[in-house]
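Q: Structure below; questions to follow.
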Amino acid sequence: MVGDDTIAALATPWGEGAVAMIRISGPQAVPIAGKIFTGRHALAGVAAGRVLRGAVEHADRVIDEVLVTVFRAPKSYTGEDVVEISGHGGPVVADEVLRAVFAAGAHPAEPGEFTRRAFLNGKMDLTQAEAVMDLISARGEAAAKAAVSQLSGRLGREIENLRGESMTALAHLEAFIDFPEEGIDPESGRALLGRVDALSASIDRLLGTADQGRMLREGVRLVIHGRPNAGKSSLLNLLLGYDRAMVSEIPGTTRDTIEENLTLRGIPFRVIDTAGLRDTTDDPLEKEGMRRTREHLAAADIALRVIDAAEGAEIPAAAANEIVVLNKIDLLGGREIRQALVPLCCLDARGLDKLVDALVERTKIAPVASREEAVAINARHQDCLRRAKESLAAARASLERGDAPELTAVELRETLTAIGEITGGSDADDVLGEIFRNFCIGK
């Protein structure tokens with residue numbers, strides 16, 4: 001169990017709603033709730049999972065009629081005794097109930113403190129704790145499904161398999177350290193190299209999911225660019241389904257970037273409409289807009305180059321991360337469209353479905369309906385795995401040089417430590433602090 005204090009917080013969003021729920025967790029959760037709850041049955045002897053109807057009273061008056069649910073340790077979210085008080089939604093009444101809980105002896109919970117206690121009490125590993133926040137903040141079905149997969153322990157199991165393989169390799173090596181007269185024979189040395197290579201390949205596979213994980217959590221960075229008046233702002237409005245950007249026939253109307261979020265086929269996108277690019281301009285504001293356009297293009301996951309079909313200019317080859325959109329196809333008059341281009345008319349949305357297909361395909365994220373439960377690591381996991389791989393590479397080089405087994409074992413232990421940090425196998429208060437400070441209070 002974690003500490004002797006009992007914490008409480010509002011676990012539903014603050015504001016008006018049908019229900020507001022106060023969560024209390026800790027060794028005194030039931031006695032504290034019992035001080036303010038009145039009903040047909042006392043909370044002290046209530047069975048786990050039972051819901052009681054009654055009222056919250058404080059300072060000799062009834063604050064609200066509520067339902068109270070009791071969860072007993074260790075079979076609760078945090079692994080401690082937990083009481084959840086569900087009352088009428090509304091900022092005033094919820095605040096009064098929470099103040100009554102504090103007056104009865106509970107302390108205000110810090111951001112993420114309930115989930116942190118769940119981790120410290122062995123209810124989940126760190127990857128599952130991170131998945132809780134990923135699920136809460138998911139901006140699309142694909143992101144939510146990835147978070148649920150991680151919350152179920154899929155990534156944690158993969159990491160534990162890696163950790164087990166690392167421990168096996170280290171154990172074999174330490175056997176030679178315990179019996180130095182034997183030495184590492186060529187056959188055993190090759191077997192160790194094979195284990196190291198297999199571990200490295202598994203780490204590479206997980207590292208390969210980092211970009212996908214970032215896109216699911218933060219959104220695919222989609223930058224719309226092109227010459228002035230090509231229809232970039234019209235395309236942004238079409239994708240969003242409402243008029244967000246001002247559209248004008250005057251070149252240079254968009255001088256700063258406009259960023260909006262949207263979801264296409266369950267995948268989150270951060271769409272950035274940029275200032276038009278042209279060769280010369282005397283306007284300092286337009287020059288600054290073009291500088292920002294190039295800056296966003298350098299960081300784009302996908303670039304949408306919009307070309308005005310009416311111009312009939314030479315169309316440049318697409319960059320590796322670029323989709324070229326031929327806009328204003330209503331002005332072509334039946335002329336043939338090159339196969340490499342995505343035809344579009346922002347006026348009547350002709351070609352929009354084809355463009356969305358191209359965007360979803362370019363993300364390499366499978367549509368929600370056909371998506372397997374694959375893992376997708378985050379930036380913290382990526383850092384740990386990179387360090388693990390570096391230590392593996394050093395261990396491999398040590399084996400090939402024929403160094404003393406003790407030197408190779410140092411590198412393998414570093415590998416084991418780095419992998420263990422992902423699930424929380426090693427104590428690191430600074431890591432825990434960084435993870436949980438980004439949580440919302442009440443979770």
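Rule-based calculations on the coordinates, nothing more; no lab input. All values reported here derive from a predicted model rather than from experimental measurement. Here Cβ is always computed from backbone atoms with ideal geometry, including for glycine, and neighbour counts include all displayed protein chains.
Q: Put +1 on the Cβ of each Lys and Arg and -1 on the Cβ of each Asp and Glu in region 1-67; which of Gly15, Val62, Ala42 then has its Cα farthest toward the positive end of the dipole?
A: Ala42
Q: Over region 7-125, what relative contact order in percent results from Cα pairs under 8 Å that are six or more residues apart?
A: Contact order relative to length: 32 percent.
Q: Another question, if that's okay. Hey, what do the phi angles of region 41-55 turn into as Karplus ³J(HN,Hα) couplings, whole Hz, using 6.51/-1.76/1.60 and θ = phi - 60°, x for Gly and Pro?
A: Once rounded to whole Hz, the list reads 10, 6, 6, 3, x, 6, 6, 4, x, 7, 10, 10, 9, x, 9.
Q: To continue, here is another question. Tell me, in nm to one decimal, what length is gained between Arg244 and Asp383 on full extension, where the rule is 0.36 nm per residue of separation less the Cα-Cα distance?
A: Gain on extension, Arg244 to Asp383, equals 46.3 nm.
Q: Right, another one. At 7 Å along the Cα-to-beta-carbon direction for both Ala349 and Arg205, put a label point, then send me their distance in nm to one decimal.
A: Spacing of the two 7 Å Cα→Cβ label points: 4.2 nm.
Q: Where the only charges are on Cβ atoms (+1 Lys, Arg; -1 Asp, Glu), what is the dipole of region 1-123 about its Cα centre, to the nearest 20 debye?
A: 480 debye
Q: Okay, moving on. Hey, what do the phi angles of region 58-65 turn into as Karplus ³J(HN,Hα) couplings, whole Hz, using 6.51/-1.76/1.60 and θ = phi - 60°, x for Gly and Pro?
A: Ordered by residue, 3J(HN,Hα) equals 7, 6, 6, 8, 7, 8, 6, 8 Hz.
Q: Return the FRET efficiency for the residue pair Thr12, His172: r is the Cβ-Cβ distance, R0 is 45 Å, and the value is rounded to the nearest 0.05.
A: Efficiency at R0 = 45 Å is approximately 0.30.
Q: What does the convex hull of the alpha-carbon atoms of region 7-125 project to on average, in nm²?
A: Seen from a random direction, the Cα hull of region 7-125 projects 6.9 nm² on average.
Q: Collect residues whose amide H, placed 1.01 Å from N in the peptide plane, falls under 5 Å from the amide H of Ile63; neighbours closer than 5 in sequence don't count.
A: Val56, Glu57, His58
Q: Using the Karplus curve 6.51 cos²θ - 1.76 cosθ + 1.60 with θ = phi - 60°, work out ³J(HN,Hα) for each residue of region 145-155 in order, rounded to whole Hz, and write x for Gly and Pro.
A: 5, 5, 5, 4, 4, 5, 5, 6, x, 4, 5
Q: Among the DSSP beta bridges whose two residues both lie in region 7-125, what percent are antiparallel, rounded to the nearest 5?
A: Of those bridges, close to 95 percent are antiparallel.
Q: Going by average Cβ density within 10 Å per residue, which order do the peptides 97-104, 37-44, 345-352, 222-229 take, highest to lowest?
A: In descending order of packing, they fall as 222-229, 97-104, 345-352, 37-44.
Q: Another question, if that's okay. Return Glu260, Glu113 ranked ascending by Cβ neighbour count within 10 Å, so the fewest neighbours appear first.
A: So the ranking, lowest neighbour count to highest, is Glu260, Glu113.
Q: Multiply the residue gap between Thr38 and Ser152 by 0.36 nm, knock off their C-alpha separation, and tell me the result in nm, one decimal place.
A: Extra length available between Thr38 and Ser152 comes to 37.3 nm.
Q: Where the centroid of each part is defined by its Cα atoms, how far is region 1-45 from region 97-125 in Å?
A: Measuring centre to centre over Cα atoms gives 10 Å.
Q: Okay, next question. Let me check against my output: what whole-number percent is the relative contact order of region 115-154, with C-alpha pairs under 8 Å and at least 6 apart?
A: 38 percent
Q: Another question about this same structure. For Arg221, which sequence-distant residues (separation of 5 or more, or a different chain) have an amide H within less than 5 Å of its own amide H, given hydrogens modelled in the peptide plane?
A: Arg270, Asp301, Ile302
Q: Estimate the FRET efficiency between Lys364 and Val92 by the formula 1/(1 + (r/R0)^6), using the beta-carbon distance for r and 30 Å for R0, to the nearest 0.05.
A: Rounded to the nearest 0.05, the efficiency is 0.05.
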